[in-house]
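The values are calculated or read from the model by the stated rules, or taken from the named source; none is laboratory data. No experiment lies behind these values; they were computed from the predicted model shown. Cβ placement follows ideal geometry from the backbone for every residue including glycine, while neighbour counts extend to all protein chains displayed.
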Amino acid sequence: MPTYREFHRRSLADREAFWREQAALIDWHRPYEQVLDYSRPPFARWFVGGQTNLCHNALDRHLGVRAEQQALVWISTEVNQTRSFTYGELHAEVNRAAAMMQSLGVKRGDRVIIYMPMVPEAAFAILACARLGAIHSVVFGGFAASSLAARIDDARPALMITADGGSRMGKPVLYKSLVDESLKIARHPPRKVLIFRRGLDENMPVVADRDVDWATLAKDFNGASVACAWLESNEPSYILFTSGTTGRPKGVQRDVGGYAVALASSMKHIFCGEPGETMFTTSDIGWVVGHSYIIYAPLLAGMTTIMYEGVPIRPDAGIWWKIVEDYKVSVMFSAPTAIRVLKKHDLSYVRKHDLSTLKHLFLAGEPLDEPTHQWISESLGRPVIDHYWQTETGWPLLSAHPGVEQTPIKMGSPSFPVYGYDVRLLHEQTGKPVADGEKGVVAIAPPLPPGCMSTVWGDDERFVNTYFRDFKDQLIYSTFDWGIRDKDGYYYILGRTDDVINVAGHRLGTREIEEAVSMHPNVAECAVVGVADQLKGQLPLAFAVLKDAGKRTSAEDVMQTVDRQLGAIARPKAVHFVTLLPKTRSGKTLRRAIQALAEGRDPGDLTTIEDPTALTQIKEALRT
Ligand code: ATP
Ligand code: MG
């Protein structure tokens, strides 16, 4: 076995041979002629000329040995149901869904917008698109009509698939009526809308000639079989919009072959998921994590994947650990924001479950602060691996690689560059590499490895201008995140490049200050933003959610914690206590909105916000 260092070195030094080996992890209908075509920088084309299919690799390929093994287990604590599908059954469902979509006119290359709650039919639809070579664009359920309409106009779908409703905390969320509303605004509506009825909206309106009922149509296609479309490796598999934390969402386009290879390879070298084992990813299919690690990767690896509809604290804060115990989960993937929610609850919810099958818990999506990392590691007694990635990359770009080498975990660090990624830390002005221990912009020297976005959907220019023009004189991909590397080669993400505060000439990352605020024993989570100050340029302002609201905690206490960690220069101007923070639906704190309010500006586009009352709290806190 090579060490991590050697493995990573080889992935860049001997790129072709390295990825040729990884490409053997999937089936190719026709072999590729060239591992990488990089004749038009920064556009990378992987496995040129090869033909394959994601659905074939996720399902058909396993039927010989795994037809009877569970492929998908759906657990809903919203409607209190469980449904499971073996590889054989899932294959049949996907074939039927593909035949249904064909009957509605969907052809290879057409776009299909999937606006669905976390139900198995959503997975059928995604895999059926892959089977047909149709391009899916899953839109997170619960977006406002205007955000949905914008995505419809960008994708111009032939078909939309939705459900009557979803459920959140036991309350119905109407999907279909929101689709109707968005289709009134959209300039490029689809001809047909396919609706899966769950009985969550008895009064659901139906538009004749356009709306089609899933169950009715399915009856016509029982036992249908649809051949996989063999796609050239670089044809698009899907479009997915970024979260919109920093501005207008970007339509990330992904390929077929490179994506399949990257995911299959990550299951081996990073996630350590073995065929026959179970993976539980708590994300949503509307996010990149859901695409990669609820749907495609675990199935590519021959695992059982768990799809969970519900929140982590209902019926109680032990539900996820109960699932780990009941289904013998070996790989779990969640987000720091969820762990911070669980941290507010009693430890016995974790402790009473047998978690012995769990090899690792992976967390991504946001900075994982040290206290939370510590808490969850100790509570589980299992390695908790922070790893860092973006919608754009499709799979991790910084991570530990337990499948290659067991390197020690350092709290607060997502460890090392993932193989295939030539990660650089660059000085924001000069663009020159910074020394160990110095802050720089996390960048990737192209070509981007397999699995990463191939372009912005329909807009090659935006791809280049958005991502590759941060540094004037070099064509290099910017993540727009700050990072730092220690002498042992471990990376730390310090927040987004637009989340930096300038206090009397000192540049402070909001992440660093948040980390310091979180060191206070009664702080569950917090957000820090910089607000304009006549004297000092900017000053940090903190909003904190307490673990135990009953326990007396003063702003001064919290400020002293910051003084101790970072020094008085980082001391927040004020600390406000709130019960929740404004977040996007993917759990990312909307710092730009908080900052705008704090400076008396318009908070801008808020269509991706999870709970608008969080902003009301911020406004009230600011008034006091
Ligand atoms: P947009 O690009 O539209 O503003 P977004 O950046 O929030 O939205 P995503 O692609 O979902 O959309 O999020 C990726 C970002 O999340 C990263 O660039 C980084 O800022 C943050 N992130 C993800 N994982 C980690 C991690 N392990 N540690 C720190 N930050 C992380
Ligand atoms: Mg981003």
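L183 falls short on exactly one of the conditions (1) outside any loop (DSSP other than H, G, I, E, B); (2) closer than 26 Å to V65 by Cβ, and that condition is (2). Within region 491-519, being among the basic types (K, R) and either in contact with a helix residue (DSSP H, G or I) (Cβ under 9 Å, 6 or more places away or on another chain) or closer than 16 Å to G365 by Cα (or both) holds for R496, R511. Here the condition is being in a strand (DSSP E or B), among the β-branched types (V, I, T) and outside the structural domain of T162 (by TED's automatic domain parsing); of V112, V65, V79, V73, it holds for V73 alone. For region 549-577, the set of residues classified as exposed (fewer than 12 other Cβ atoms within 10 Å of the Cβ) and assigned to a strand (DSSP E or B) is empty. Quick check on region 499-548: of everything there that is outside any strand (DSSP E or B) and of a type in the set (K, R), which residue is nearest to L347 (Cα to Cα)? Per the criteria, the residue is K547.
Set side by side, the residues H353, H360 differ, and just one is farther than 30 Å from S137 by Cβ and under 19 Å from the mean Cα position of the chain (by Cα), which is H360.
On the stretch given as region 253-279, residues that are within 16 Å of ligand 2 (Cβ to nearest atom) and buried (at least 24 other Cβ atoms within 10 Å of the Cβ) total 1. Among the residues that make up region 589-604, is at least one of them over 24 Å from S243 (Cα atoms), touching a Leu at 6+ places or on another chain (Cβ under 8 Å) and away from ligand 1 (no atom under 16 Å from the Cβ)? No - not one qualifying residue is present in region 589-604.
Could you tell me whether A144 is surrounded by fewer than 24 Cβ atoms within 10 Å (Cβ to Cβ) and either free of Cβ contacts under 8 Å to residues at least 24 places away in the same chain or over 18 Å from F221 (Cβ atoms) (or both)? Yes; evaluated as a whole, the condition is true for this residue. Just one residue in the set R61, R111, R83, R66 is of a type in the set (K, R), within 23 Å of Y308 (Cβ to Cβ) and buried (at least 18 other Cβ atoms within 10 Å of the Cβ); that residue is R66. Applying the criterion of being of a type in the set (F, W, Y) and near ligand 1 (Cβ under 9 Å from one of its atoms) to the residues of region 369-400, the residue that is nearest to H520 (Cα to Cα) is Y388. Restricting A67, A17, A92 to residues that are at pLDDT 95 or above and under 25 Å from R254 (Cα atoms) narrows the list to A17. Considering region 14-64, and only residues there that are touching a residue at least 40 places away in the same chain (Cβ under 8 Å) and of a type in the set (S, T, Y), the residue that is farthest from R108 (Cα to Cα) turns out to be Y38. A residue that is surrounded by fewer than 24 Cβ atoms within 10 Å (Cβ to Cβ) and either away from ligand 2 (no atom under 16 Å from the Cβ) or more than 16 Å from N57 (Cα to Cα) (or both) can be found somewhere in region 292-303. Kindly indicate whether G412 is under 24 Å from L546 (Cβ atoms), within 15 Å of ligand 1 (Cβ to nearest atom) and in contact (Cβ under 8 Å) with a residue 12 or more places away in the chain. The answer is yes for G412. Screening L200 against (1) more than 22 Å from S243 (Cβ to Cβ); (2) in contact with a Ser or Thr (Cβ under 7 Å, 6 or more places away or on another chain); (3) not in a loop (DSSP other than H, G, I, E, B) leaves a single unmet condition, (3). Just to be sure, is G109 out of contact with any Lys or Arg (no Cβ under 8 Å at 6 or more places or on another chain) and at positive phi? Considered against the rule, which asks whether it is out of contact with any Lys or Arg (no Cβ under 8 Å at 6 or more places or on another chain) and at positive phi, G109 comes out as yes. Screening H29 with (1) in contact with a helix residue (DSSP H, G or I) (Cβ under 6 Å, 6 or more places away or on another chain); (2) farther than 21 Å from T281 by Cβ gives one miss only, at (1). Taking Y491, is it over 16 Å from D386 (Cβ atoms) and within 13 Å of ligand 1 (Cβ to nearest atom)? Considered against the rule, which asks whether it is over 16 Å from D386 (Cβ atoms) and within 13 Å of ligand 1 (Cβ to nearest atom), Y491 comes out as no. Scanning region 370-401 for residues that are within 16 Å of ligand 2 (Cβ to nearest atom) and more than 21 Å from the chain's Cα centre (by Cα) yields no hits at all. Among the residues of region 402-415, is there at least one that is touching a Phe, Trp or Tyr at 6+ places or on another chain (Cβ under 9 Å), at pLDDT below 95 and either in a strand (DSSP E or B) or within 16 Å of ligand 2 (Cβ to nearest atom) (or both)? Within region 402-415, not a single residue is touching a Phe, Trp or Tyr at 6+ places or on another chain (Cβ under 9 Å), at pLDDT below 95 and either in a strand (DSSP E or B) or within 16 Å of ligand 2 (Cβ to nearest atom) (or both). List the number of the failed condition for P249; all other conditions in (1) of a type outside the set (V, I, T); (2) buried (at least 24 other Cβ atoms within 10 Å of the Cβ); (3) within 16 Å of ligand 2 (Cβ to nearest atom) hold. Answer for P249: the failing condition is (2).
Answer with yes or no whether K432 is more than 10 Å from ligand 1 (Cβ to nearest atom), in contact (Cβ under 8 Å) with a residue 24 or more places away in the chain and surrounded by fewer than 23 Cβ atoms within 10 Å (Cβ to Cβ). Against the criterion (more than 10 Å from ligand 1 (Cβ to nearest atom), in contact (Cβ under 8 Å) with a residue 24 or more places away in the chain and surrounded by fewer than 23 Cβ atoms within 10 Å (Cβ to Cβ)), K432 does not qualify.
Filtered by the rule that a residue be of a type in the set (V, I, T) and either closer than 28 Å to R210 by Cβ or under 27 Å from the mean Cα position of the chain (by Cα) (or both), region 60-109 gives V73, I75, T77, V79, T82, T86, V94, V106. Scanning region 439-487 for residues that are among the aromatic types (F, W, Y) and part of a loop (DSSP other than H, G, I, E, B), we see that the one that is surrounded by the most Cβ atoms within 10 Å (Cβ to Cβ) is W457. Selection within region 358-368: residues that are more than 10 Å from ligand 1 (Cβ to nearest atom) and free of Cβ contacts under 8 Å to residues at least 60 places away in the same chain. The member of this set that is nearest to S265 (Cα to Cα) is L361. Any residue at all in region 557-577 that's polar (S, T, N, Q) and within 16 Å of ligand 2 (Cβ to nearest atom)? The answer is no, given that none of the residues of region 557-577 is polar (S, T, N, Q) and within 16 Å of ligand 2 (Cβ to nearest atom).
Residue check: A227 meets all listed conditions (1) in contact (Cβ under 8 Å) with a residue 24 or more places away in the chain; (2) farther than 27 Å from K343 by Cα; (3) more than 15 Å from the chain's Cα centre (by Cα) but one, namely (1).
Quick grid of which residues meet (1) part of a loop (DSSP other than H, G, I, E, B); (2) in contact with a Pro (Cβ under 8 Å, 6 or more places away or on another chain); (3) of a type in the set (K, R):
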{"residue": "A17", "(1), (2), (3)": "no, no, no"}
{"residue": "Q22", "(1), (2), (3)": "no, yes, no"}
{"residue": "Y32", "(1), (2), (3)": "yes, no, no"}
{"residue": "V35", "(1), (2), (3)": "no, no, no"}
{"residue": "S84", "(1), (2), (3)": "no, no, no"}
